[in-house]
Amino acid sequence: LSDFHKPGENPQIKPELKEQHLAFTKGMVYTRFPPEPNGYLHIGHVKAIMIDFGYAKFHGGRTYLRYDDTNPEAEEGRYFQSILETVRWLGFEPWKITYSSDNFDKLYELAVELTRRGKAYVCTCDAEKMKEDRGMGKGHPVACEHRDRPIEESLREFERMKNGEYKEQGACLRMKMNLESGNPYMWDMVAYRVKLAPHHRTADKWKIYPTYDFTHCLCDSIENISHSLCTTEFIPARESYEWLCDALEVYKARQYEFARLNLQGTFLSKRKIARLVRNGLVKDWDDPRLYTIIALRRRGIPPGALLSFVAELGVTTSESVTEIQKFESVIRKYLEESAPRLMMVLNPVKLVIENVSDDYRVPVQVPLHPKVPAMGTVETSFTKEVYIDADDFREVDSPDYFRLAPGKSVGLFKAPFPVTCTSFSTDPATGKVTEIRCRLEDSGTAKKAKAYIQWVNAPEAVKIDEVRYFKPLFKSDPPPPDFESDVNPDSLEVYKNAVIEPAFYELAKKAISDARKESEERTIKAKAAAAAPSSEHSPAAGSEAAK
Ligand code: ATP
Ligand code: MG
Ligand code: MG
């Protein structure tokens, strides 16, 4: 971050605008996290949140959560709410919550002003013609017949657009930029378009809505953002960002870019995820096969683990794709010391021990963590009948197989002695193994087992209605553009007969309720911290921290 300017020292700003800006910020860092409320946040947003909030926090500055709500069709109330909840869950609290739509009146005035200055015009070319004129494919743009129309005419037509006299796509306001430029972002970008859909917050007040390119830099300006942090695909857009602020002679924030977070084998795009949800290819936005934050949270990944994953990746401008294994290993390392290990059998087969009496019962202490004794143990019993997983038994043995097979011994995790298979029965209809009979080796003859398998004491086993086991959602890496057809139908495996020990069952239930409680407390704490007057927010402390 070495080339970041110090607060208030953006060299590109005119002195009088700089003064105005400093009068507001007192030299503090101001950033914003500006999601479009068209979906739930994904893991890429964790990076953006950490950078936007983290950079300001480090410098004793402030961060807005700004809903970039200029596209009425895609917005839904639940997205707005979830975005705020997610920011808080990650441990950040916005200094202020704003909406691009708060500025619709002001943005409209600025668009009129831009037109008055001869730097915008109303264009009524159809989409096809506009695309052609913008040189798509040819690489150089051509001016359309509206570009040099009189200012008064554009002002009048813009007024008509505002009054709903145009159909959608019937007219737009375009910025009169620089058609000679080599940068397509300078080729008379659209500033306003007609949209007849009602807006989440302004209802049907507006028939015209500003584009991202018109809105973003001006909202940054209005909010006195000192560092406008965004992803590298906006590097070419920086020229138009600055062009518009300069054309209107308003305060201009400095834009800095960082590389997007990309994950192997999946995509991070709200629009594409929305398509999967809409087409029923995943259950909902929190389907554990997705990399939305609500899905990761549902998988039991704590916020600290996500933060440490993103922190390990670091911040650069070079584009890269992170392997899923890297993600999983960071999460695993984070949880390694704190996550208890439970015994559960997904596909149970009954194992009967022949050489013990019906009331045979030995108490067994199962440690909750093999390397963290402080985590304690859970008590269960080892009796004549236990369940093991069908996958841990083979009807035909082989030398490289170390689990259970006819004539072979295996250890049952933490049970006193190994067992040796004497016989088994199968269901004649399905051919599936229905029961395995074993001999318990006593202390005299028992050799140390080569392998240990999980088991659940049969008389006390708690049946789990449904266990869902998730595998990668897509068959290809990366998923193709028509990713719907690449969804792996077997990426969700459902087990209907799984069993677990009662003690483990209680523990799992408690872990879930603790996690819920913890996340609620986190939210309350984050809110309280934001409400409390803090010395961190004073300009003096801000500049101290910046040092
Ligand atoms: P999507 O394509 O998922 O809709 P977006 O790029 O349109 O995302 P928004 O949600 O509108 O982004 O923007 C919120 C902020 O998050 C932006 O500053 C954006 O650059 C950033 N962001 C979005 N995706 C990523 C990502 N994969 N890695 C890092 N930052 C991201
Ligand atoms: Mg977007
Ligand atoms: Mg996008």
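Since every read-out is calculated from the coordinates, none of them should be taken as a lab result. As the structure is a prediction and not an experimental result, all values here were calculated from the model. Note that each Cβ is placed from the backbone with ideal geometry, even for glycine, and that neighbours are counted across all protein chains shown.
Tabulated data for the structure shown
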| item | result |
| --- | --- |
| J(HN,Hα) series, region 313-327, from Karplus relation 6.51 cos²θ - 1.76 cosθ + 1.60, nearest Hz, glycine and proline x | 6, x, 10, 9, 9, 8, 5, 8, 10, 8, 5, 4, 4, 5, 4 |
| Nonlocal amide H pairs with L229, under 5 Å, H built at 1.01 Å | R32, Y256 |
| Stokes-Einstein D for region 9-68, Kirkwood Rh over Cα pairs, 10 °C, 1.306 mPa s (µm²/s) | 122 |
| Dipole axis of region 270-339 (+1 Lys, Arg; -1 Asp, Glu on Cβ), positive-most option in L281, Y291, T317 | L281 |
| Region 15-263: relative contact order as a whole-number percent, Cα under 8 Å and 6+ apart | 20 |
| Check: region 17-149 dipole with +1 on Lys, Arg Cβ and -1 on Asp, Glu Cβ, in debye | 640 |
| Mean projected area (nm²) of the alpha-carbon convex hull when the chain is viewed from all directions | 32.8 |
| 0 to 90° range, to nearest 10: angle between helix 43-58 axis and the chain longest Cα axis | 60 |
| Cα gyration tensor shape for region 270-339, rounded if a/c is under 1.5, else prolate or oblate | oblate |
| Average Cα contact separation per residue, the chain, under 8 Å, 6 or more apart, as relative contact order % | 14 |
| Convex hull of region 15-263 built on C-alpha atoms - directionally averaged projected area, nm² | 14.0 |
| Student exercise, region 270-339 dipole from Lys, Arg, Asp, Glu Cβ charges, in Debye to nearest 20 | 480 |
| Anchor K496: aspartates and glutamates whose Cα lies under 13 Å away (excluding residues fewer than 8 positions away in-chain) | D465, E466 |
| Which of Q255, S269, A237, positive extreme of dipole for region 233-277 (C-beta unit charges) | S269 |
| Phi to ³J(HN,Hα) by Karplus 6.51 cos²θ - 1.76 cosθ + 1.60 over region 17-26, Hz, x for Gly, Pro | 6, 4, 4, 4, 4, 5, 4, 7, 8, 6 |
| Computed P(r) (all Cα pairs; region 344-463; 10 Å bins; percent) | 13, 45, 33, 8, 1 |
| Convex hull volume per residue in cubic angstrom - Cα atoms of region 467-509 | 93 |
| Extreme residue, positive dipole direction of the chain, given options P363, F53, F24 (C-beta unit charges) | P363 |
| Magnitude of the charge dipole, the chain, Cβ model with Lys/Arg +1 and Asp/Glu -1, debye to 20 | 620 |
| Sparse-neighbourhood loop sites, GluC sites (Glu not before Pro) in region 371-449 - DSSP loop, at most 15 other Cβ within 10 angstrom | E395 |
| DSSP-defined antiparallel bridges as percent of all bridges, the chain, nearest 5 | 65 |
| H42 long-range amide H proximity, modeled H, under 5 Å | I293 |
| 5 angstrom amide H check on N355, placed H, neighbours 5+ away | L440 |
| DSSP-loop trypsin sites (Lys or Arg not before Pro) across region 192-297, with at most 13 other Cβ within 10 angstrom | K205 |
